[in-house]
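Q: Sharing a structure with you now.
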Amino acid sequence: MSSSLKHWIVAIAMVLAFINGHHSMVKLTSYHSYNSDGEYRDKAPSKHLFHPLSKPKPLPTLALTDPHLLGGFHNQHMRFVAFVYYAIKQNISQILLPSVRWGDAYNRGKSIPHEYLFDVNYWNERADDKGLPFLVGYDAEVLEGSTQNQPCFNTTSGLYHGLDEYFLRHNETNLRKIDTLADIRKSEFIHCHGVPSSAAKKKANSTSPMTHLVPIGAGKGAGKFWSDYYALQGRRPKSIVDDRVPVEQTIFQLLRPSDAIRSAMERAIAAATTNRTKEIKSNKCGLLALHPRVEQEMLTHRCNKYQEGNLTKVFERIWEFPPFSVLMDSDNTTNNKLTSIHFGYDLIFLAVSAYQVEKPPRDDVLAIPLRSVMVENKKALLNARNHGLYGQVPIFESGAATAKKVRFRNNHHNITSVSAESLGVVELVASIINFFTSVTADVFVGVRGSSFSTDVFAVRHYLNKDVGRLHAGNYISGPDGIAELVGPPKIHNC
């Protein structure tokens, strides 16, 4: 094995160590120490931790009333930031864990509990010191005050009582047209309607209905969390206009993948390394991750104007880009620029939804040039998968193939484990796997107008991985070529 490959494997191990909690990005204060702009007010951390970590206390506890967060993984991440910050701003120290679910944007109606995707114990062990609310389980007697009254939260559906689970989780229901919080306020249980009140301060043995739960929903359209996220970013001082507010940086730090996903990532990287060892040359330097964003739905998206939608052109530009390659044809013995280039990386990791590239174009895509690009992208992806980049540099994908193998420990029913595939969330889990694999790479090439690329750029910046060993570590691919990204990325908005 070459020394450069060993260096790459060590580098991956270091970043995975960060994901595993041995690397720290920022140190924040307790949850009551933020001002309204997400900045610090004081630096006096609380020393108290709940044990067991997920056991609730009779305190105001924020509960998500929607069936799941909306959007792709990174749009959901942005909404999750706003959801958590709402708790911080309202001085709410607990979030009801079973109310938080993440949805699969490509499989409407399908979602997965937060604790399957992310390490809750890791979050809770650091939450108080880092300034974030605890993620707690549901205990009717603790949070509702009495088991004699019908509680506000339904543990069977994972929703508030009075909400129609069948309707809300049906694949034809458009959640952007539903206001779950408004529906709750129409219910007969006045104590379930909202804001912390005197009812939440009654003693647990009171005969009057009460609850510590504080319901909040996104509302219609893009929703409250989307607008709140951008409002939070908009209040930053001009000096940090392209940086993230401290609360978001901390969430980047504490929202690490679950054991199931981390193990799957490590196995996929190890398998790709082992499978390609014979093809690796000793004078190369590791892994390049590429997020071209050429899925069919993005080709018709308004953000596509910032991107190169033709995958063949993206591959050509990666191959010929001077920081990544050197033209070896100095004696003019050959005129083939594709075979006379020395490419500086052992492997290319392609962060792409294979299904969304390879499926037949939609019937409503009538523009012939656009349909032609979709067909060509499928051919380019299949060729790269089978033969590597111009037959020389191996390309591997991890997302969907790895996601289908992930099994989550099931704490909700008498079943040992469940798979991402059986839950219908393969694309969501694949996106998370692609994200953290991209974070580990020596170099990342992403695009403007994608929340996935924007967040990978940001995390790599906070890890100081935007400065590579030989050149910069973050690059943006666009219609006019590839350019270095200096500093943190601009907030995603197009």
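Nothing in this text is a laboratory measurement; each read-out follows from the coordinates by a stated rule. Just so we're clear, the structure is a prediction, and the values are computed from it rather than from any experiment. Methodologically, a virtual Cβ is constructed for each residue, glycine included, from the backbone with ideal geometry; neighbour enumeration extends over all protein chains shown.
Q: Show me, for the range 300-311, the HN-Hα J-couplings you get by feeding each phi into the Karplus relation (A = 6.51, B = -1.76, C = 1.60, θ = phi - 60°), rounded to Hz, glycine and proline as x.
A: Whole-Hz 3J(HN,Hα) from phi for the range 300-311: 9, 8, 4, 6, 5, 5, 8, 10, 8, x, 8, 5.
Q: Also, quick follow-up: Alpha carbon centre of the range 380-403 versus the range 85-113: separation in Å?
A: Answer, in whole Å: 34.
Q: Sticking with this structure for a sec: What is the extension gain from Asp129 to Lys359, computed as 0.36 nm multiplied by their sequence separation minus the C-alpha to C-alpha distance, in nm to one decimal?
A: Details: separation 230, 0.36 × 230 = 82.80 nm, distance 4.69 nm.
Length gained, Asp129 through Lys359: 78.1 nm.
Q: How long are the semi-axes of the equivalent ellipsoid of the range 97-164, taking √(5λ) for every eigenvalue λ of the Cα gyration tensor, in whole Å from largest down? Please report the intermediate quantities before stating the final value.
A: Details: eigenvalues 105, 91, 12 Å².
Listed largest to smallest, the semi-axes of the range 97-164 are 23, 21, 8 Å.
Q: Ok, one more. Can you give the local net charge around Phe73? Use residues other than it whose beta-carbon is closer than 12 angstrom to its beta-carbon, Lys and Arg +1, Asp and Glu -1.
A: Working: positive: Arg79; negative: Asp104, Glu427, Asp455.
Around Phe73, the surrounding residues sum to -2.
Q: Pulled fully out, how much extra length does the chain show between Arg267 and His301, if you take 0.36 nm times their separation in residues and subtract their Cα-Cα distance?
A: 8.8 nm
Q: Just to verify a number: FRET efficiency for Gln392 and Glu484, C-beta to C-beta distance, R0 = 22 Å, to 0.05?
A: 0.35
Q: Moving on. For Lys55, which sequence-distant residues (separation of 5 or more, or a different chain) have an amide H within less than 5 Å of its own amide H, given hydrogens modelled in the peptide plane?
A: Under 5 Å from the amide H of Lys55 lie the amide H atoms of Gly137, each far enough along the sequence or on another chain.
Q: Which FRET efficiency value, to the nearest 0.05, is calculated for Asp164 and Glu141 with the Förster distance at 22 angstrom and r the Cβ-Cβ distance? Intermediate values should be presented prior to the final figure.
A: Values: r = 27 Å, r/R0 = 1.21.
The value I calculate is 0.25.
Q: Would you mind counting up the charge near Phe225? Only other residues with Cβ under 11 Å from its Cβ, with Lys and Arg at +1 and Asp and Glu at -1. Could the numbers behind the result be given before it?
A: On the way: positive: Arg79, Lys224; negative: Asp66, Asp228.
So the surrounding residues net to 0.
Q: In nm, what is the difference between 0.36 nm times the number of residues separating Arg385 and Tyr230 and their Cα-Cα distance? Don't jump to the answer; show the numbers that get you there.
A: Details: separation 155, 0.36 × 155 = 55.80 nm, distance 3.81 nm.
Roughly 52.0 nm would be gained on extension.
Q: Provide the net charge surrounding Thr312, with neighbours chosen by a C-beta distance below 12 Å and charges set as Lys +1, Arg +1, Asp -1, Glu -1.
A: Once positives and negatives cancel, what remains is +1.
Q: Another question, then. Using a 10 Å cut-off on Cβ atoms, rank the peptides 291-303, 374-386 from the highest mean neighbour count down.
A: Details: 291-303: 19.8, 374-386: 17.2.
Highest to lowest by the protection proxy: 291-303, 374-386.
Q: Is the shape of the range 50-181 rounded, prolate or oblate, going by the alpha carbon gyration tensor and its root eigenvalues a ≥ b ≥ c, with a/c under 1.5 for rounded and a/b larger than b/c for prolate? Don't jump to the answer; show the numbers that get you there.
A: Numbers: a/c = 1.91, a/b = 1.23, b/c = 1.55.
Oblate, because a/c is 1.5 or more while a/b does not exceed b/c.
Q: For the pair Leu59 and Phe189, how long in nm is the line joining their label points, each one 7 Å along Cα→Cβ?
A: According to this spin-label approximation, the distance is 2.3 nm.
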